[in-house]
Amino acid sequence: MKNGIDLHLHLDGSLTPAYVIRQAKKQGIELPVWYEKELVKYMTAPVDCKDLNEYLEKFDLPCSVMQTEDALTEAVRDVCRQMETQGLKYVEIRFAPQLHTKKGLTQRQVTEAAIKGLPDGNGFEAKLILCCMRMEDNEKENLETIRMAKEYLGKGVAAADLAGAEALYPTESFETIFQKAKESGVPFTIHAGEADGPESIWTALKFGARRIGHGVRCLEDEKLVEYLREHRIPLEVCPTSNFQTKAVKGEYPLKKMLEKGLCVTLNTDNTTVSGTSLEKEFSLAVNTLGLTEKEIERLKENAEKARF
C-alpha cells in the first residue's frame, strides 16, 4: 500500500507468529510443538466470531510473551517492519501499558521499551497511542497510563485511547480518566460506537475526544452525524474486524458515511487477528463496498489530516 497511513493499529493484534515463537523461546515459555506450523491460525480470529469478546481472546497469547522490555521493543519493531515492507509511510500503533506489567515491569518501563522500538527516521514514521482499558477497578492503572502519555508526548507517544469491551464497560464510566487527559493536554481518541451505540460516541465527544475509534454506529443518530460532520471529527473505521465482531451486520456503512460528508479514515485494527492489511481493506472498500476512486482518495486525504 504505497504511502499508506494506518491510524488504528493494535500492537498485540498485529504481531507475526515468528515474533511470538522467538520470544517464547527467549523467555523459556513452552509452546506446543504444533504451534510452530499452526500458530497463525491460533492468532487469527474466525471470520464469524460470536461477538467482540471472542475476538478479544486472540490477544491472550501475544500478551503473554510481551512482558519483558526486550519483548516490547522487538514487538514494536516487528510491526513497524511489516508496515514499512507493505509500503506504508505512517502508522499510529496503540497498546495498553498496564497489560504488560504482569512480570514486574512498571508502565514507565513498558512505555520506554516500546518507544525504543520505533524507527529513527528513514522515510517511514510511527508513533504510539497509549490505551487505557475498560476494566473493573483499574482507575489507578488508567491514570498512570495518562501520566505516561503526558510525560512521553512528542517523544514517541502521540495520544491516549480507551480500548476493551465497550458493551460491558460503558464509556461514561471513564470520565475521570479523560478529564485528567484534558487537564494534562494529552490528545485522545476513544473506541466508541463499535459494540455500543451512538450514546457512547456522544460521551466520548463530551470528554473531548479528537477522534473516534470505529464509530460505525453513528448513523443511528442523525444529530450525531450532523455534529461529526460540522466539527470534522475523524472516524477510524476498520471494516474487516467490524464484520468479524458483529459490530456491523449486513451492509457496511462506509459509503453512506462518506456520502454524508463524514471525515472517515480506513484502517486495519489488527492485521494478524483479522488476517488483513491496509491494502486488503482498500480492496474490500472498492470491490465489496462499492467505493469510487474519488471516495478512495478522500479516505486517504482524511487520514493525512487526522493523524495526531
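The values are calculated or read from the model by the stated rules, or taken from the named source; none is laboratory data. Worth saying up front: this structure is predicted, and the values here are computed from it rather than measured. Glycine also receives a Cβ, built like all others from the backbone with ideal geometry; neighbour counts cover every protein chain displayed. What goes into the accessible areas is simple: the full protein's heavy atoms, side chains included, and nothing from ligands, DNA or RNA. Shrake-Rupley method; radii C 1.70, N 1.55, O 1.52, S 1.80 Å.
Under the condition of being open to solvent by 10 Å² or more (accessible area, probe 1.4 Å), hydroxyl-bearing (Ser, Thr, Tyr) and under 18 Å from the mean Cα position of the chain (by Cα), the residues counted in the stretch 148-190 number 1. Output yes when any residue across the stretch 176-190 is closer than 18 Å to residue 217 by Cβ and either at pLDDT 95 or above or small (Gly, Ala, Ser) (or both), and no when none is. Among the residues of the stretch 176-190, at least one is closer than 18 Å to residue 217 by Cβ and either at pLDDT 95 or above or small (Gly, Ala, Ser) (or both), which makes the answer yes.
Out of the residues in the stretch 1-39 meeting the condition of being assigned to a helix (DSSP H, G or I) and open to solvent by less than 10 Å² (accessible area, probe 1.4 Å), tell me which one is nearest to residue 92 (Cα to Cα). So that I can check it myself, show each step before the final result.
First pass over the stretch 1-39, keeping only residues assigned to a helix (DSSP H, G or I): 17-27, 35-39.
Filter once more, keeping what is open to solvent by less than 10 Å² (accessible area, probe 1.4 Å): 19-20, 23-24, 39.
Working: 19: 20, 20: 21, 23: 23, 24: 26, 39: 26 Å.
In this case the residue turns out to be 19.
For residue 271, the conditions (1) assigned to a helix (DSSP H, G or I); (2) in contact (Cβ under 8 Å) with a residue 12 or more places away in the chain are fulfilled apart from (1).
Just to confirm my filter: which helices (runs of 4 or more DSSP H) fall fully inside the stretch 60-136 and include at least 2 residues that are surrounded by 17 or more Cβ atoms within 10 Å (Cβ to Cβ) and touching a strand residue (DSSP E or B) at 6+ places or on another chain (Cβ under 7 Å)? Reasoning before the result, please.
Details: elements: 60-65, 69-85, 107-116.
Here the list reads 69-85, 107-116.
If you go through the stretch 197-227 and keep only what is among the aliphatic types (A, V, I, L, M) and in a helix (DSSP H, G or I), you end up with 201, 204, 205, 216, 219, 224, 225.
I'm trying to understand the selection: among the residues of the stretch 233-263, which are in contact with a helix residue (DSSP H, G or I) (Cβ under 8 Å, 6 or more places away or on another chain), farther than 13 Å from residue 299 by Cα and assigned to a loop (DSSP other than H, G, I, E, B)? Across the stretch 233-263, the qualifying residues are 233, 245, 246, 247, 248, 252, 253, 260. Is it the case that the stretch 292-302 has a residue that's open to solvent by 20 Å² or more (accessible area, probe 1.4 Å) and of a type in the set (S, T, N, Q)? Yes; the residues of the stretch 292-302 include at least one that is open to solvent by 20 Å² or more (accessible area, probe 1.4 Å) and of a type in the set (S, T, N, Q).
Output yes when any residue across the stretch 43-51 is under 14 Å from residue 19 (Cα atoms) and either of a type in the set (Phe, Trp, Tyr) or part of a helix (DSSP H, G or I) (or both), and no when none is. Looking through the stretch 43-51, at least one residue is under 14 Å from residue 19 (Cα atoms) and either of a type in the set (Phe, Trp, Tyr) or part of a helix (DSSP H, G or I) (or both).
Tell me, which residue of the stretch 47-56 that is exposed (fewer than 12 other Cβ atoms within 10 Å of the Cβ) and not aliphatic (A, V, I, L, M) is farthest from residue 78 (Cα to Cα)?
First, the residues of the stretch 47-56 that are exposed (fewer than 12 other Cβ atoms within 10 Å of the Cβ): 47-48, 50.
Now restrict to residues that are not aliphatic (A, V, I, L, M): 48, 50.
On the way: 48: 27, 50: 29 Å.
That would be 50.
Could you please find all residues in the stretch 274-291 being of a type in the set (Ser, Thr, Tyr) and either part of a helix (DSSP H, G or I) or surrounded by fewer than 24 Cβ atoms within 10 Å (Cβ to Cβ) (or both)? Give the derivation first.
Residues of the stretch 274-291 that are of a type in the set (Ser, Thr, Tyr), as a first pass: 274, 276-277, 283, 288.
Within the stretch 274-291, 276, 277, 283, 288 meet the criteria.
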